[in-house]
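J.: Have a look at the structure that comes next, please.
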């Protein structure tokens, strides 16, 4: 699961400061994707997973997606709104303790504004390499293993359990060589857990995301309404599909550029 470079850097900086908020933000933003040499069993499992999630044809009907979610910290709630216009832009807004921040990615540019810690109160423009690494965020299917075209290899590596559910384990390698281990509920074929190693602060870290409370949405797709990790839980409040989106939101707020 390739995590976007700018977000990993935010995570690394704030991990050094032990900032819980940006580690929560990392989970929200980095529920990233993975993507034809398939091990047969792995391919069959992913095919069944895609069908269970509503089928690729229905997912391809989505032009815009707005996901509103919340998370709790020991002291405050966090509200997150992720807006995606397929192929055009992604904006993740976060509100915490009355302070608002955001991350924006477009096909050509990207910006990060996370004024939640000392020295982070200015809009930071992403480097071209960071923008390139974040392009997967412009895809509404990102993070859910729904696009076989970005998968180079899928290997069935056995079974395991997640919260008492029997699961199939599949090692997925994308075309850039990034690797994740995905766990699929043997009864429903929903992907209920992803494990990946990332490098942060010169150390390898094991990161996991659990997916649960799958609900059918409009257009016939299915979406997980709870995402959990070492840092806590995100609860999805609403999933809005093909809602009109003003593309001006994919630019930094003018007032923030003056700071």
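Please treat every number below as a calculation from the coordinates, not as lab data. Just so it is clear, the structure is predicted and the values come from calculations on it, not from any experiment. Ideal geometry is used to build each Cβ from the backbone, glycine not excepted, and the neighbour counts take in all protein chains shown.
J.: How would you order 142-152, 161-171 from highest to lowest mean count of nearby Cβ atoms within 10 Å?
T.: With the highest mean Cβ count within 10 Å placed first, the list reads 142-152, 161-171.
J.: Across the Cα atoms of the range 166-227, what radius of gyration and what greatest pairwise Cα-Cα distance (Dmax) are found, in Å?
T.: Reported Rg and Dmax, both Å: 13.9, 43.
J.: Then there's this: Which order do the peptides 186-193, 231-238 come out in when sorted by mean C-beta neighbours inside 10 angstrom, highest first?
T.: Highest mean packing first, the order is 186-193, 231-238.
J.: Going by C-beta contacts inside 10 Å, put 136, 155 in order with the fewest on the left. Mind showing how you got there, number by number?
T.: On the way: 136 22, 155 17.
Exposure proxy ranking, most exposed first: 155, 136.
J.: Something else: What's the extension gain from residue 48 to residue 73 if we count 0.36 nm per residue and subtract their Cα-Cα distance?
T.: Separation in residues times 0.36 nm, less the Cα-Cα distance, equals 5.4 nm.
J.: For a quick protection proxy, order the peptides 68-78, 172-182, 246-256 by their average other-Cβ count within 10 Å, most packed first.
T.: Going from most to least packed, we get 172-182, 68-78, 246-256.
J.: Length gain on complete extension for the stretch residue 95 to residue 108, per 0.36 nm per residue less the alpha carbon to alpha carbon distance?
T.: Full extension of this stretch gives 2.1 nm more.
J.: Turning to a different aspect of this structure: Tell me, what is the FRET efficiency for residue 86 and residue 125 to the nearest 0.05, using R0 = 25 angstrom and their Cβ-Cβ distance as r?
T.: Values: r = 23 Å, r/R0 = 0.93.
Step by step, r from the Cβ atoms, then E = 0.60.
J.: Rounded to the nearest angstrom and ordered from largest down, what semi-axes does the equivalent ellipsoid of the range 216-259 get from its C-alpha gyration tensor (root of 5λ)?
T.: 29, 20, 6
J.: Cα-based Rg of the range 101-259 per 2.2 N^0.38 Å, rounded to two decimals?
T.: So the Cα radius of gyration is 1.20 times the expected 2.2 N^0.38 Å.
J.: Another one. Express the Stokes-Einstein translational diffusion coefficient of the range 44-101 in µm² s⁻¹, to the nearest whole number, given a Kirkwood radius over alpha-carbon pairs, 10 °C and a viscosity of 1.306 mPa s.
T.: It comes out at roughly 115 µm²/s.
J.: Once you place label points 7 Å from the Cα toward the Cβ at residue 149 and residue 243, how far apart are they in nm?
T.: The modelled label-to-label distance comes out at 2.7 nm.
J.: Relative to the present Cα-Cα distance, how much length would full extension add between residue 255 and residue 175 at 0.36 nm per residue of separation?
T.: 24.9 nm
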